[in-house]
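Rule-based calculations on the coordinates, nothing more; no lab input. Owing to the predicted nature of the structure, the values given are computational and were not obtained by experimental measurement. Cβ atoms come from the backbone with ideal geometry, glycine included; neighbour counts cover every protein chain shown.
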Amino acid sequence: MQTHQFDAIIVGAGGAGLMAALYASKGGANVAVVSKLYPTRSHTGTAQGGIGAALGNHEPDNPLWHAYDTVKGGDYLADQNAAKVLAENAIDAVIELEHMGLPFDRTPEGRISQRRFGGHTSNFGEKPVRRACHAADRTGHMILQTLYQQCIKNQVRFFDEYHVVDVLMNRGACVGVVAVQLGTGELHVFHGKATLFATGGWGKMFQVTSNAHSLTGDGAAVTFRRGVPMQDMEFFQFHPTGIYKMGILITEGVRGEGGVLINRHGERFMEKYAPRIKDLASRDVVSRAIYLEIRDGNGIQGKDYVYLDVRPETVNRYLAEAGESRRVTGEEIEKKLPDILDFCRVYLGVDPVKEPMPIQPTAHYAMGGIPTNVDAEVVMDENWTVLPGMYAAGECACVSCHGANRLGTNSLVDLVVFGRRGGMKIAEFVKQADLIPLPANPTAEIEAEFKRLRASKGKIRPGQIRAKMQKTMMDYVGVFREAKGIQQAIDTVEELRHQYQTDLVFDDQGYRFNTDLIEAWELGAMLDLAAITAQSALARTESRGAHSREDFQQRDDVNWLVHTLACPKQASPYQTGPMEIELNFKKKVDLSLAEVDPRFAPKERVY
Amino acid sequence: MDVTFRIRRYNPEIPGKDKPHWQEFKLSDVEPTDRVLEMLHRIKWEQDGTLAFRRSCAHGVCGSDAMRINGVNRLACKVLVRDLGNRIQVEPILGLPVLKDLIVDMEPFFEHYRAVMPFFVNDTPLPADGRERLQSPEDREKFDDTTKCILCACCTTACPSFWANGKYVGPAAIVQAHRFIFDSRDLAGDDRLDILASPDGVWRCRTIFNCTPACPRDIEITKAIGEVKLAIRNGSTEGIIEVRDIKHEA
């Protein structure tokens, strides 16, 4: 075992982690970034359409309108102070990214070019607004590359392919992490004053997902096992437009450029569900509409998919109908959506300029996660008690600026804004904080867990358990939910956790790049999060944002303007037996904007 | 359909498997539209969990799973069985030390990347209005192609000049340098051109063109390398890249 000491340890090297690393190191902290992937492999790089910021480069815009759209899109579960910070800081963060060299597309005047995106409007919901700053349809790739480049320039220390498997606590504070060096199998302890988790989401819990294989929720699971509650885990976003069967994301930017959703009868069905902004309604609304169309037999060939149509003739027909003067050509679509066209051509043999794309909703984004305040400090309860030394940002965190449903582009905003704030806060913190010693035998428990896993000589392969978990979560804790199905999911996940604990088998007993063992361990993390997600979903007896209960179809602001905190009740992180959690509903939603401006008060959400 | 995979294996931890060797796996019920990566997962998850390879996004964006597939560098997640037939050979990319099965040591590759100053440099005062630096759509277009690079190493490990001499920075590092050299906002272009004019720089490229078809992002790599060579020869980036008309949109 080796021990490394730094002021700050950043776990994960996507947008939030790199942003935090950059700003902490610029603030004078000695920073290590520990990541299970090479940084440029992180999932931020797959974000496509844009990053929202009220720059107003094409038409008037205002951060307050952005905050309003965020709160409304989140079905009023978003903490309004966080939504305000998100929208206001977005402007500075995007400008700073440009100053770091990020190659945004440009307007004729040379400013950052912006496009429309779902749920983003001007003047409190009046009409769609061009707010998404874009670099073709690879905005996330550009953000990830730019941040990695700047970290190299600032000589940030990287530990690539070091997989964090435990978080270390001592004297009521977080003092670091334990990681497996994948190339050798050796354990390393990273000891620091501040630790920031930026480990991304856990979409691999579901059968059809846009998420990378690496998105298994490790960071959230290890913090939970060490006593940190998980907030709002029942809210998981299904993006409306994933490539049929494969789940690969087709950006909302396609609809931003004028693409429309079409059912088997050739109807633009979103006109029924969101008369005002139609295909650009927020994602939960559009995903539900697609499910309802499919349920009514309106899927293509009666199957479980619909078409996304961005052929110039279709786009131009609807533009003309809407009285807009803009027209598009095939060449422009090639220029603006090159990656989307490439995905469809490679994986489907479909050319979107000539044919519509078959799509279905795909599990995309965890709104819930590790609870934090707006400075990315981890908070433990409804009183916002800070856990000293521990921070989280990006998808693994729950600020909560997204509430019950995240708006498109706001994931990139979230990770740059709160990664940046976290990095700044850490730089400040490490200047005055003392280094708390490591706990005795810091690797003992995780070593025992890996020993147990290695010794497991059962009958069931991790892949079998994983596939069953993914199908169960998709079927019963997906776009639509009801008590009986959720209970079924809870029971099945417990059965799978039991199998995982008692009857697992895998092949590789080596140490060098033992991806077999690591995948098995990742499955354990996902099973824990699946259990928490399902239990949280069962408890929330209302429909709000992405959490849509068929047995409780109304939003219930009297009883449910609260966050769910799932607190671990287990005596040890690796206790076997059923997942024991205590659900706490005492953390009220922040309504500070509504207190001064009635337009922010919760009301029915109409698009 | 039935497909036979022939995979180059190497595991230094296991006596008898510690020399590179081939192993065959048979898969049935394969769909022509299945990705090679999915098939590697089926082998790993159903037949032999010790098979080691890198992967993440599974749709050609993260750059983890560069491999030599039927003799050509590809991303395993971006090549379909129907394009390969029912005998598929998979081996690690060439020119980097193999660590286990399909996993190579990427450090030499990233060392070359870091050597070309792959980051934006401009220390002049920021615009007084607190907003973005301006750049015309035409200037932005000049380096658009090379911003697409995902550092997968398909190009560098397809290059005979790199195979012959690992000190050569290789196509990927030149692509990365190109992205900044031709960015009108960047001010360190001359420094990068100096680095690339060194003996292990751009002149080791013999214009063999292996890099261009190897690129999963369709970057015109050989062309980009040629543009860097011209800039070194001319001592300037002026007039090298012609931008076709861009339609200005309101």
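Using only the alpha-carbon atoms of region B:3-104 as identical scatterers, what base-10 log of I(q)/I(0) does the Debye formula give at q = 0.10, 0.21, 0.24 Å⁻¹? Cα-only, vacuum Debye calculation for region B:3-104: -0.24, -1.12, -1.46.
When the alpha carbon gyration tensor of chain B is reduced to an equivalent ellipsoid, the three semi-axes, largest first, read 39, 21, 16 Å. Sorted ascending by nearby beta carbons within 10 Å, beginning with the fewest, B:38, A:604, A:252, A:331 become A:604, A:331, B:38, A:252. Taken residue by residue and averaged, Cβ atoms of other chains lying within 10 Å of the Cβ of B:137-145 number 3. Relative to the current alpha-carbon distance between residue A:482 and residue A:574, full extension at 0.36 nm per residue lengthens the span by 30.1 nm. Charging the Cβ of each Asp and Glu at -1 and of each Lys and Arg at +1, and nothing else, the dipole of chain B about its Cα centre rounds to 820 debye. Residues in region A:192-200 carry Karplus couplings, in order, of x, 6, 10, 10, 10, 8, 9, 9, x Hz; the curve used is 6.51 cos²θ - 1.76 cosθ + 1.60 with θ = phi - 60°, and Gly or Pro positions show x.
Residue B:107 to residue A:325: FRET efficiency via 1/(1 + (r/R0)^6), r the Cβ-Cβ distance, R0 51 Å, to the nearest 0.05? Rounded to the nearest 0.05, the efficiency is 0.40. Dipole of the protein assembly as shown computed with +1 at Lys/Arg Cβ and -1 at Asp/Glu Cβ about the Cα centre; of A:498, A:56, A:558, farthest Cα towards the positive end is A:498.
Give me the inter-chain shielding for A:95-106: mean count of other chain Cβ atoms within 10 Å, whole number please.
That works out to 6 on average.
A simple count of charges around residue B:51, restricted to other residues whose Cβ falls under 15 Å of its Cβ and scoring Lys, Arg +1 and Asp, Glu -1, yields 0.
Less than 5 angstrom separates the built amide H of residue A:165 from those of A:178, A:179, A:180, all sequence-distant by 5 or more or on a different chain. In this label model, residue B:28 and residue B:89 are separated by 2.7 nm, measuring between points 7 Å along each Cα→Cβ vector. With neighbour counts taken as other beta-carbon atoms within 10 Å, the residues A:76, A:273 rank, fewest first, as A:273, A:76. Here chain A has an Rg and Dmax of 22.9, 71 Å, counting Cα atoms alone.
The distance from the alpha carbon centre of region B:186-202 to that of region A:281-325 is 50 Å, rounded to a whole number. Between region A:386-423 and region A:180-197, the alpha-carbon centres lie 23 Å apart.
Inter-chain Cβ neighbour count for A:210-221, averaged per residue, equals 3 (cutoff 10 Å, partner chain atoms only).
Cα gyration tensor of region B:107-245, axes a ≥ b ≥ c as square roots of the eigenvalues: rounded (a/c below 1.5), prolate (a/b > b/c) or oblate? Since a/c reaches 1.5 and a/b is larger than b/c, the shape of region B:107-245 is classed as prolate.
For the protein assembly as shown, a simple Cβ point-charge model (Lys and Arg +1, Asp and Glu -1, everything else neutral) yields a dipole of about 1040 debye relative to the Cα centre. Cβ crowding within 10 Å ranks A:248, B:88 as B:88, A:248, fewest other Cβ atoms first.
Estimated from helices alone, the mean residue ellipticity of the protein assembly as shown at 222 nm is -10000 deg cm²/dmol (sum of -39500 (n - 2.57) over DSSP H runs with n ≥ 4, per residue).
The residue list B:36, B:71, B:11 was ranked by how far each Cα lies along the charge dipole of region B:3-104 toward its positive end, using unit charges on Cβ atoms, and B:71 comes out on top.
Taking R0 as 25 Å, what's the FRET efficiency between residue A:556 and residue A:491 from their Cβ-Cβ distance, rounded to 0.05?
Values: r = 26 Å, r/R0 = 1.05.
Calculated transfer efficiency: 0.45.
Potential lengthening of the chain between residue A:351 and residue A:1 amounts to 120.7 nm, from the contour at 0.36 nm per residue minus the alpha-carbon distance. In chain A, a dipole from Cβ-located charges (positive for Lys and Arg, negative for Asp and Glu) runs towards its positive end, and of A:173, A:388, A:212 it is A:212 whose Cα lies farthest in that direction.
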